[in-house]
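Asker: Here you go, one structure.
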Amino acid sequence: MYKRQVVSITLGLLVSVILIAKVAYELSYDNFYRDNEQLYVVKTGWDGGKPLHGNNIYPTAAAIARHFSAQVESFTTVTEAYGKMSHGNKAYRETVLMVDSAFFQTMGLPLYKGNALDLANPDMIFLSESFAKEVFGSDGAVGKTLLYNIGGDYQPFIVKGIYADIPLNTTLYRPKAVISIANRTKYYKGGLGWNTGGNYQAFVRLKHSKADAEIINKGITSIIMSQYMPMDHYGKFGVKGIEVMVSPLRRLHLDNWNTVKMLYIMGILAIALLFTATLNYVLISLSSLAYRAKAIGVHKCNGAGTGGIFGMFLWETAIIVCISLALIAFIILNFNEKIEELIQTPVGELFSLQNIWAPALVVLFLFFIGGIMPGRFFSSIPVTQVFRQYTENKKRWKYPLLFVQFAGTAFLVGMTCVVFSQYHYTMSKDLGYNMERLASVYDSYEHVDNTLSLLHNLPYVEGAATAEAGMLGFPSPYPVNDNSGNMIFSPRLTFFDREFFNFIGMRLKTGKAPTAEGEILVNEEFVRAMKWDNNGVGEYVPEHGTVTGILDGFRFIDAAQMEPVEIRWSSGRGNVMHVRLKEPFDDNLKRLNEEMKKLYPQDNVQFTSYAKQMERSFHSERVFRDSIILATIAILAITLMGLVGYINDEIRRRSKEIAIRKINGAEVKGILLMLSTDVIRIAVPAILIGVVLSHYTGMVWKSQFRDVMTTDWLFYTGVFIVVLAFIVGCVIIKSWRIANENPILSLKNE
């Protein structure tokens, strides 16, 4: 009995603690900034688009500070920069931000060394504490020179400061280095005015938090539209207006409804598993009454009171929980890499002092419920009933416990089937081109043709070509305008070099591939958007080109309804190098990256497989899939142990009845049916409820996908049958021995 309890609690606590800790960790995002309740992110919506996003026109934050000086303490505007650096013979590619001198003050990040005012000057760089140690060791970085790739060439930047590392639980960038935004005008010759587009992230630190934000949000949009917005410029791109607001940074992570849904579902899974493990512990304890009754009676006969018996069970529960916690600690410490791979969060961050309250609540819940329920049950039974009629009312306790376990099992199995099938459908669907053994890397090469030649000469490379963007998603840089210059739509667009179309294996519904400048491929959505009467081949799109072919079946990985797509032929080369490798793919990809490291030691070129890129695109979904599979395995094991305890008790309680039935001619199948009937009566409605809940919860989870796999009633019927078969199978296997045993032995034992 104790072994089953320890294993059951260990499995239940391990998975539910990890899930609850993950939820608490997600809720702690962006709380490490100083006075984080005063830190707000500026958001902009174009043409009434909802929700508003964090990409702003550069002077937006300055305008907010200018017109709301009574509310704004400080502001900063940042943008991501190219992240190539080198020192000595080592190359680095890290996240780098262009910032202004108010960055550290506004964000509330500790600046350990240096003066933030130096960020007003170009050619200065500040490093995070860990990156400074990585590059310069313990010698100290301030005052030393680091080569930084900017404007297409490496320039010497002087290290002027060291700042605190940004934790993992942030929605924003985690830059290893920051440079002055003045470098943008120096090296890229670009302006920082109102016509620069929405490519900047802006933040304001308010004086009085919520009240200040309400004042700003009431008036900022009208001020910007009336005094600053150059509509003569943006009107050319079809923009009719913008909306601006400030929003708490602490809410930024939870503004994503998909993240919130994921947290709700993970919380439900954790609670379902916790309840199942706790009630299973109670069930096993109650099932032990048959052979613990005399011991309890002896305790009472020797003067033990209700409180003493109750305390005995609390101590027993405490010891079992402590043993389980020791096993959990052992598992986490020895399999921390696997756990981190599963939940994509470092174990140290997951169980930090800041988040330990959530796992502690889980343990306390199991201890009190698991100790109080059986303790009260045993301590309240009089001595006479303990020795005589202790079996009469046990089922009214056991049946609800079994019901909850079966419903929780069906719910988790159903959710696992929904999540696994949707994830597999998303990752395996035909995207309209050949993805086999495909890898790519984004980089800028001085001599692209030389690089392609080198790749073609490698014996394990089947082919290589370039495109301006990866195949999983294209930008929308060039709108299609009507004869009056008004934008009709902005297609997803990329450039292929002369070999790429055949290399990537795209299909055409009609027409042919482009072979010269000014020739383009489009999809059927593009044809419909243009309202052409024919199939579109031969049509000319001003400032775009002549259509030579219509794509067949091409789609992006997350798209159910495709947007208009345009692919242009280019005599030049794109920035995304693609290779198709021979088998074995993984080994050859490793060899290729080692070769690239030798050829381009300063560039740190690393090819990534398309399968890995797709996994990254659905990172949170994969984490959730793996988590729910683990939870389902745990709950199946817990339910199995609960059933074993229940059947053992039933066999002990009804062994004389079974023997008499067999003496009177009952067959094995009749005995098995008798023992299974009570369980089936509980299981059928419980499984039905669990499957229905998994359907509705699964629909909520699938709503984050734009292309959803259809699951009909046959799918859930299959889940129902599988769970019921598992439960009945466990009962039959456990009852098989007693059903085939000589009845004389059972009567003799009685």
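The values are calculated or read from the model by the stated rules, or taken from the named source; none is laboratory data. Predicted model, so just to flag it, every value in this text is computed and none were measured. All Cβ positions, glycine included, derive from the backbone under ideal geometry; neighbour counts span all protein chains shown. We work out accessible area using only protein heavy atoms, side chains counted, and drop any ligands, DNA or RNA first. Shrake-Rupley method; radii C 1.70, N 1.55, O 1.52, S 1.80 Å.
Asker: Please find, among I663, I680, the residue that is in contact (Cβ under 8 Å) with a residue 40 or more places away in the chain, β-branched (V, I, T) and closer than 30 Å to F420 by Cα.
Answerer: Working: I663 fails: closer than 30 Å to F420 by Cα.
Of I663, I680, the one residue that is in contact (Cβ under 8 Å) with a residue 40 or more places away in the chain, β-branched (V, I, T) and closer than 30 Å to F420 by Cα is I680.
Asker: Among the helices (runs of 4 or more DSSP H) confined wholly to region 314-408, which include 1 or more residues that are at pLDDT below 80 and not aliphatic (A, V, I, L, M)? Walk me through it before giving the result.
Answerer: Details: elements: 336-343, 347-350, 357-379, 383-387.
Qualifying helices (runs of 4 or more DSSP H): 336-343, 357-379, 383-387.
Asker: Here is a list of conditions, (1) under 30 Å from Y646 (Cβ atoms); (2) open to solvent by 20 Å² or more (accessible area, probe 1.4 Å), and E94 meets all of them except one; can you say which number that is?
Answerer: (1)
Asker: Search region 120-131 for residues that are farther than 11 Å from L146 by Cβ and pair each with any residue that is of a type in the set (D, E) and open to solvent by 10 Å² or more (accessible area, probe 1.4 Å) when their beta-carbon atoms are under 6 Å apart and the residues are at least 6 apart or on different chains.
Answerer: The qualifying pairs are S128/D165; E129/D165; S130/D165.
Asker: Restricting the search to region 19-30, which residues are more than 14 Å from R250 (Cα to Cα) and open to solvent by 10 Å² or more (accessible area, probe 1.4 Å)?
Answerer: Of everything in region 19-30, those that are more than 14 Å from R250 (Cα to Cα) and open to solvent by 10 Å² or more (accessible area, probe 1.4 Å) turn out to be I20, K22, V23.
Asker: Taking into account only those residues within region 672-722 that are open to solvent by 50 Å² or more (accessible area, probe 1.4 Å) and hydroxyl-bearing (S, T, Y), which is nearest to R654 (Cα to Cα)?
Answerer: Step by step, filter region 672-722, then rank; the result is T717.
Asker: Looking at region 500-527, which of the residues that are under 19 Å from I488 (Cβ atoms) and touching a residue at least 24 places away in the same chain (Cβ under 8 Å) is most open to solvent (accessible area, probe 1.4 Å)?
Answerer: Keep residues of region 500-527 that are under 19 Å from I488 (Cβ atoms), which gives 520-527.
Now narrow it down to the ones that are touching a residue at least 24 places away in the same chain (Cβ under 8 Å): 520-526.
On the way: I520: 1, L521: 2, V522: 0, N523: 6, E524: 78, E525: 51, F526: 0 Å².
Here the residue is E524.
Matching residues to (1) open to solvent by 50 Å² or more (accessible area, probe 1.4 Å); (2) of a type outside the set (S, T, Y); (3) in contact with a Phe, Trp or Tyr (Cβ under 8 Å, 6 or more places away or on another chain):
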residue: P51; (1), (2), (3): yes, yes, no
residue: A70; (1), (2), (3): yes, yes, no
residue: T76; (1), (2), (3): no, no, yes
residue: A102; (1), (2), (3): no, yes, yes
residue: M107; (1), (2), (3): no, yes, yes
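Asker: Follow-up question, since we're still on this one. Condition first: small (G, A, S), farther than 30 Å from V579 by Cα and assigned to a loop (DSSP other than H, G, I, E, B). Can you find one or more residues in region 473-489 that meet it?
Answerer: Residues of region 473-489 that are small (G, A, S), as a first pass: 473, 476, 484-485.
Filter once more, so that each one left must be farther than 30 Å from V579 by Cα: 484-485.
Remaining after also requiring assigned to a loop (DSSP other than H, G, I, E, B): 484-485.
Among the residues of region 473-489, at least one is small (G, A, S), farther than 30 Å from V579 by Cα and assigned to a loop (DSSP other than H, G, I, E, B), which makes the answer yes.
Asker: Can you find, within region 435-458, the residue that is nearest to F705 (Cα to Cα) among those that are open to solvent by 60 Å² or more (accessible area, probe 1.4 Å) and in contact (Cβ under 8 Å) with a residue 40 or more places away in the chain?
Answerer: First, the residues of region 435-458 that are open to solvent by 60 Å² or more (accessible area, probe 1.4 Å): 436, 442, 444, 446-447, 449-450, 454, 456-457.
Now narrow it down to the ones that are in contact (Cβ under 8 Å) with a residue 40 or more places away in the chain: 436, 442, 444, 449, 454.
On the way: E436: 24, Y442: 27, S444: 33, D449: 39, L454: 40 Å.
Once the filter is applied, the top-ranked residue is E436.
Asker: Sticking with this one: Those residues that are more than 19 Å from G574 (Cα to Cα) and either under 35 Å from the mean Cα position of the chain (by Cα) or assigned to a helix (DSSP H, G or I) (or both), I need them from region 448-460; list them, please. So that I can check it myself, show each step before the final result.
Answerer: The first filter runs over region 448-460 and keeps only residues more than 19 Å from G574 (Cα to Cα), leaving 457-460.
Selection gives N457, Y460.
Asker: So, one more: Can you tell me which residues in region 433-447 are under 23 Å from E621 (Cα atoms) and either in a loop (DSSP other than H, G, I, E, B) or modelled with pLDDT under 85 (or both)?
Answerer: Those that are under 23 Å from E621 (Cα atoms) and either in a loop (DSSP other than H, G, I, E, B) or modelled with pLDDT under 85 (or both): M435, E436.
Asker: Take region 595-644 and flag every residue that is over 22 Å from S694 (Cα atoms), more than 26 Å from the chain's Cα centre (by Cα), modelled with pLDDT of 80 or more and not charged (D, E, K, R).
Answerer: Within region 595-644, just M596 meets the criteria.
Asker: Any idea which of D558, D626 is among the acidic types (D, E), surrounded by fewer than 19 Cβ atoms within 10 Å (Cβ to Cβ), in contact (Cβ under 8 Å) with a residue 40 or more places away in the chain and in contact with a helix residue (DSSP H, G or I) (Cβ under 6 Å, 6 or more places away or on another chain)?
Answerer: Values: D558 fails: in contact with a helix residue (DSSP H, G or I) (Cβ under 6 Å, 6 or more places away or on another chain).
D626 is the lone residue from the list that is among the acidic types (D, E), surrounded by fewer than 19 Cβ atoms within 10 Å (Cβ to Cβ), in contact (Cβ under 8 Å) with a residue 40 or more places away in the chain and in contact with a helix residue (DSSP H, G or I) (Cβ under 6 Å, 6 or more places away or on another chain).
Asker: Say whether the condition of being in contact with a His (Cβ under 7 Å, 6 or more places away or on another chain) and hydrophobic (A, V, I, L, M, F, W, C) is met by at least one residue in region 221-234.
Answerer: First, the residues of region 221-234 that are in contact with a His (Cβ under 7 Å, 6 or more places away or on another chain): 223.
Going one step further and asking which of them are hydrophobic (A, V, I, L, M, F, W, C), we end up with 223.
Taking every residue of region 221-234 in turn, at least one turns out to be in contact with a His (Cβ under 7 Å, 6 or more places away or on another chain) and hydrophobic (A, V, I, L, M, F, W, C).
Asker: Another question, if that's okay. May I ask you to verify whether A65 is surrounded by fewer than 23 Cβ atoms within 10 Å (Cβ to Cβ), over 24 Å from L206 (Cα atoms) and of a type outside the set (D, E, K, R)? Give the derivation first.
Answerer: Working: surrounded by fewer than 23 Cβ atoms within 10 Å (Cβ to Cβ): yes; over 24 Å from L206 (Cα atoms): no; of a type outside the set (D, E, K, R): yes.
No; evaluated as a whole, the condition is false for this residue.
Asker: Considering S484, S428, which residue is open to solvent by 40 Å² or more (accessible area, probe 1.4 Å), without any contact (Cβ under 8 Å) to a residue 40 or more places away in the chain and within 30 Å of Y716 (Cα to Cα)? Break it down into steps so the answer makes sense when it comes.
Answerer: On the way: S484 fails: within 30 Å of Y716 (Cα to Cα).
Only one candidate qualifies: S428.
Asker: Taking the criterion of being in a loop (DSSP other than H, G, I, E, B) and under 29 Å from the mean Cα position of the chain (by Cα), would at least one residue in region 53-74 satisfy it?
Answerer: Narrowing region 53-74 to residues in a loop (DSSP other than H, G, I, E, B): 54-55, 57-59, 68-71.
If we keep only those that are under 29 Å from the mean Cα position of the chain (by Cα) too, we end up with 54-55.
Yes, region 53-74 has at least one match.
This table checks each residue for (1) among the basic types (K, R); (2) open to solvent by less than 20 Å² (accessible area, probe 1.4 Å); (3) outside any loop (DSSP other than H, G, I, E, B).
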| position | (1), (2), (3) |
| --- | --- |
| G536 | no, yes, no |
| E543 | no, no, no |
| V547 | no, yes, yes |
| I550 | no, yes, yes |
| F554 | no, yes, no |
| E566 | no, yes, yes |
| R573 | yes, no, no |
